[in-house]
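Presented below is the structure to which this report refers.
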Amino acid sequence: MEKQLPIVAFLYDFDKTLCTTDMQDYAFIPSLGMTPAEFWAEANGFGRANRIDGILAYMYTMLREAEKKNLPFTRADLVEKGRGIVLFPGVADWFRRINAFGERQGVRVEHYIISSGLREIIEGCGLGSEFKEIYASEFYYDDRGRPVWPKLAVNFTAKTQFVYRINKGVLDVSDDKTLNDSMPDDSKRVPFTNMIYMGDGLSDVPCMKMMRSYGGQAIAVYQGANRVGVEDLLAKGRVDFIFPADYREGTALDATVKNILRKMAISDRLWEENTQQLRAIGGDVLPNQVGLF
């Protein structure tokens, strides 16, 4: 049987990580005749006044404002709104390049989204097929494509659940039993040490902390407006690296990610060699850890 390549998983936030601002700001909010500042003030104020989770509050505000203005609000309409998203330089071909580089190093690269934004809008931006799974807030729709209930709300701390799902290979959000079943470390599909989380700020800290605690890598990207914030994350040891949000080949971000992939690939090979020797003498196999060798 052909040996399976080790998997390296990239986990991305979306807004201000792969695209330049909140995804609703490009097309949806302007369609309401509102500015982003007006919409988010309304959504956040509504959430605070009624003690509603901030993600559920903005989802409800989207529905309410569209209804007040008699605007169409269907799944297809939200997907169409995603076509206006502006990606950072190099993002469009980033996945192809990183996949090919990983293959040359002897690992299989997978990409995942973990976002508080809307899955429907992400699907419309043209990148949907690049991801093994998109974990993002989402509506449940009736047979005419109209939203009738929140299907998934991904707030900042809930993001960590999806890191565990990727780790164990339990990707179905309705499967909580398997997610919580005990599983030996050496049988988990993607070790934490083979994960790279990429985000842009405080909303990503819970996932970044997981990476730092369990041996993965945490990267924060920035534009001019949030540079000070990510520099603070680096100074406080909450991320491993910070870079301008430029994904083009040859940038500092591109070079460091490739070095991380090289390190992970070498660690996997050394772990495999160590495992073979331990099994030959009847010893105990240790979980794969980047810093083990």
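Rounded to whole Å, give me the distance from the Cα center of the range 133-162 to that of the range 17-37.
Answer, in whole Å: 19.
When the distances between all Cα atoms of the range 48-97 are binned every 5 Å from zero, what whole-number percent does each bin get?
P(r) for the range 48-97, in whole percents per bin: 5, 15, 15, 18, 15, 12, 12, 7, 2, 0.
Hey, got the Cα dimensions of the range 23-84 along the principal axes, in Å, largest first?
Projected onto its principal axes, the Cα set of the range 23-84 covers 32, 20, 19 Å.
Normalised radius of gyration for the range 36-146, please: alpha carbon Rg relative to 2.2 N^0.38 Å, two decimal places. Don't jump to the answer; show the numbers that get you there.
Values: Rg = 17.2 Å, N = 111, 2.2 N^0.38 = 13.2 Å.
Expressed relative to 2.2 N^0.38 Å, the Cα Rg reads 1.30.
To two decimal places, what compactness ratio does the range 100-169 give when its Cα radius of gyration is scaled by 2.2 N^0.38 Å?
Relative to the 2.2 N^0.38 Å estimate, the range 100-169 comes out at 1.32.
If you average 1/r over all unlike Cα pairs in the range 134-276 and invert the result, what Kirkwood radius do you get in angstrom?
Computed over the range 134-276, the radius equals 17.3 Å.
Considering just Cα atoms, how many Å³ per residue does the convex hull of the chain enclose? Don't jump to the answer; show the numbers that get you there.
Details: hull volume 44.9 nm³, N = 293.
Residue-normalised Cα hull volume stands at 153 Å³.
Applying the Karplus parametrisation 6.51 cos²θ - 1.76 cosθ + 1.60 with θ = phi - 60° to the phi angles of the range 150-167, what ³J(HN,Hα) value in whole Hz is obtained for each residue in order, glycine and proline being reported as x?
x, 8, 8, 10, 9, 8, 5, 7, 5, 4, 5, 4, 6, 5, 5, 4, 5, 4
Working from Cα positions, state the angle (0 to 90°, nearest 10) between the long axis of helix 252-280 and the longest principal axis of the chain.
That helix lies at roughly 40 degrees to the long axis.
Using the Karplus equation 6.51 cos²θ - 1.76 cosθ + 1.60 (θ = phi - 60°), what ³J(HN,Hα) coupling, rounded to whole Hz, does each residue of the range 101-108 give in order, writing x for Gly and Pro?
Once rounded to whole Hz, the list reads 5, x, 4, 5, 8, x, 10, 9.
Could you tell me which residue out of HIS111, PRO72, ALA41 lies farthest along the dipole of the range 1-113 toward its positive end? Charges go on the beta carbon: Lys and Arg +1, Asp and Glu -1, centred on the Cα centre.
HIS111
Give me the distance in nm between label points sitting 7 Å out from Cα along the Cα-to-Cβ direction at ALA49 and LYS177, one decimal.
Placing both labels 7 Å beyond Cα along the Cβ direction yields 4.4 nm.
A short reminder: the numbers here are calculations on the coordinates, not readings from a lab. These figures come from a predicted structure and were not determined experimentally. Cβ atoms come from the backbone with ideal geometry, glycine included; neighbour counts cover every protein chain shown.
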